[in-house]
């Protein structure tokens with residue numbers, strides 16, 4: 001819920017923010033979404049059905065039958081955090097059992113490192 005002070009300030013903030021800020025931010029997020037989507041294509045046990053246009057996160061479906069020792073999305077996220085120091089949110093918290101939410105709003109090097117660790121984890125736990 002937006003408080004009254006913030007609600008009153010929003011028109012001024014939007015008016016006084018340079019127009020190129022919004023374009024630069026949208027391009028930054030689009031670049032991160034493109035990178036994340038391409039990296040996910042290299043991880044067979046994860047499926048991203050919709051390439052985001054410009055957002056701060058994306059969703060992937062976990063192909064649970066691909067994993068040897070992972071019960072569900074919560075188990076996947078817990079083991080990923082423990083083994084790779086990488087945090088994804090389990091989909092069950094959003095009503096999406098078997099899915100995970102990835103934040104992609106970070107610098108390119110950090111995002112590439114995150115996907116390397118994610119791929120390593122999935123390869124290690126996959127029956128393929």
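Listed here are the residues, each with its yes/no results for (1) part of a helix (DSSP H, G or I); (2) under 16 Å from residue 121 (Cβ atoms); (3) out of contact with any strand residue (DSSP E or B) (no Cβ under 9 Å at 6 or more places or on another chain); (4) modelled with pLDDT under 95.
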| residue | (1), (2), (3), (4) |
| --- | --- |
| 55 | no, no, yes, yes |
| 71 | no, yes, yes, no |
| 74 | yes, yes, no, no |
| 78 | yes, yes, no, no |
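Being in a helix (DSSP H, G or I) and within 30 Å of residue 126 (Cα to Cα) is true for just one of 33, 8, 100. Which residue is that?
It is 33.
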> Does the range 41-52 include one or more residues that are modelled with pLDDT under 95, under 11 Å from the mean Cα position of the chain (by Cα) and more than 23 Å from residue 127 (Cα to Cα)?
Replying inline: yes
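Quick one: is residue 21 more than 22 Å from residue 106 (Cα to Cα), out of contact with any helix residue (DSSP H, G or I) (no Cβ under 9 Å at 6 or more places or on another chain) and loosely packed, with under 15 Cβ neighbours inside 10 Å?
No.
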> What number goes with the only condition from (1) without any contact (Cβ under 8 Å) to a residue 12 or more places away in the chain; (2) in contact with a helix residue (DSSP H, G or I) (Cβ under 6 Å, 6 or more places away or on another chain) that residue 84 does not pass?
Replying inline: (1)
>> I'm checking my understanding of the structure. Among residues of the range 95-110 that are within 10 Å of the chain's Cα centre (by Cα) and crowded, with 19+ Cβ neighbours inside 10 Å, which one is nearest to residue 78 (Cα to Cα)?
In response: 100
> Looking only at the range 27-64, which residues are free of Cβ contacts under 8 Å to residues at least 24 places away in the same chain, over 16 Å from residue 105 (Cα atoms) and surrounded by fewer than 17 Cβ atoms within 10 Å (Cβ to Cβ)?
Replying inline: 41, 47, 49, 50, 63
> Can you tell me how many residues in the range 104-128 are farther than 18 Å from residue 71 by Cβ, touching a residue at least 40 places away in the same chain (Cβ under 8 Å) and not in a helix (DSSP H, G or I)?
Replying inline: 4
>> For residue 115, only one of the following conditions fails: (1) out of contact with any strand residue (DSSP E or B) (no Cβ under 8 Å at 6 or more places or on another chain); (2) surrounded by 18 or more Cβ atoms within 10 Å (Cβ to Cβ); (3) more than 15 Å from residue 34 (Cα to Cα). What is its number?
In response: (3)
>> Checking residue 42 against (1) touching a strand residue (DSSP E or B) at 6+ places or on another chain (Cβ under 9 Å); (2) part of a loop (DSSP other than H, G, I, E, B): exactly one of these is not met. Which one?
In response: (1)
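The values are calculated or read from the model by the stated rules, or taken from the named source; none is laboratory data. All values derive from a computational prediction rather than experimental measurement. FYI the Cβ positions are ideal-geometry reconstructions off the backbone, even for glycines, and counts take in every protein chain you see.
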